[in-house]
Amino acid sequence: MNKNVISTLVIIVAVIAGVIYCEKKNESNRAEFRNITNSDIGQDFVAFIEQHRENLKELFLSNGYKFDTEWATPKNSVEPDWLGKQVIAIIKKKKVNSISGTVSITGTHRYQGTELVLPALVSFYFRHIDNQWKLAIRDGYFVDPYEEKDSEGLAIPPEIYAGINKIFPVNYAVYY
């Protein structure tokens, strides 16, 4: 076999090995977040939030929200629910680094008292710290789990923030 053919084969094999390595590395990065809602700790969070369902419902209804969630219901969903819950484990180096529970409240809200009704989604999250679920708070406001640094949050009335803080007084500070 000619040296050029052997060199070309070695280069092709090296490129293929590099591509496979990069794919496996990217795949492991995607495995950082694991939905553990159906685990014991996930069910503990679900029970914790369900204890506060009526207080949350009362808070949102008294601030002009309605829970007609048809606009946000997945096609395969059997029964829509305005109160969504998910528990995620963040894995670092194959060990659980943190566990967070996300709450999403889906409904509609009249735009500034007009007849215009807009979809409304309010999300906030908790971390499992010292065997307790603690609400994420930054600068006196709960933190939307999907917001990024320097982002503008949704226009949520201050009454909602104050009400959530009263319902879940145990919190921890988020800095960024």
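The values are calculated or read from the model by the stated rules, or taken from the named source; none is laboratory data. In this text, all values refer to a predicted model and were calculated from it rather than measured experimentally. Positions of Cβ are backbone-derived with ideal geometry, glycine not excepted, and every protein chain shown enters the neighbour counts. Calculation scope for accessible area: heavy atoms of the full protein, side chains included, ligands and nucleic acids excluded. Shrake-Rupley method; radii C 1.70, N 1.55, O 1.52, S 1.80 Å.
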In the range 78-122, trypsin sites (Lys or Arg not before Pro) in a DSSP loop with at most 14 other beta-carbon atoms within 10 Å: LYS93, LYS94
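Keeping all protein chains in place and using 1.4 angstrom, which order do VAL87, VAL170 fall into by accessible surface area, from largest down? Please report the intermediate quantities before stating the final value.
Details: VAL87 0, VAL170 60 Å².
Solvent-accessible surface, decreasing: VAL170, VAL87.
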Percent of accessible area on the range 81-131 owned by carbon and sulfur, 1.4 Å probe? 51 percent
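Within 12 Å, Cβ to Cβ, of TYR172, how many net charges do the neighbouring residues add up to if Lys/Arg are +1 and Asp/Glu are -1? Write out the running numbers ahead of the final one.
Numbers: positive: ARG127, LYS134, ARG138; negative: ASP130.
Net local charge, TYR172 excluded: +2.
What order do THR106, THR114 take when sorted by accessible area (1.4 Å probe), most exposed first? Provide the component values of the computation, followed by the final result.
Working: THR106 20, THR114 60 Å².
Highest to lowest solvent-accessible surface, that is THR114, THR106.
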With all protein chains present, calculate the accessible area of ILE91 using a 1.4 Å probe and round the result to the nearest 10 Å². 20 Å²
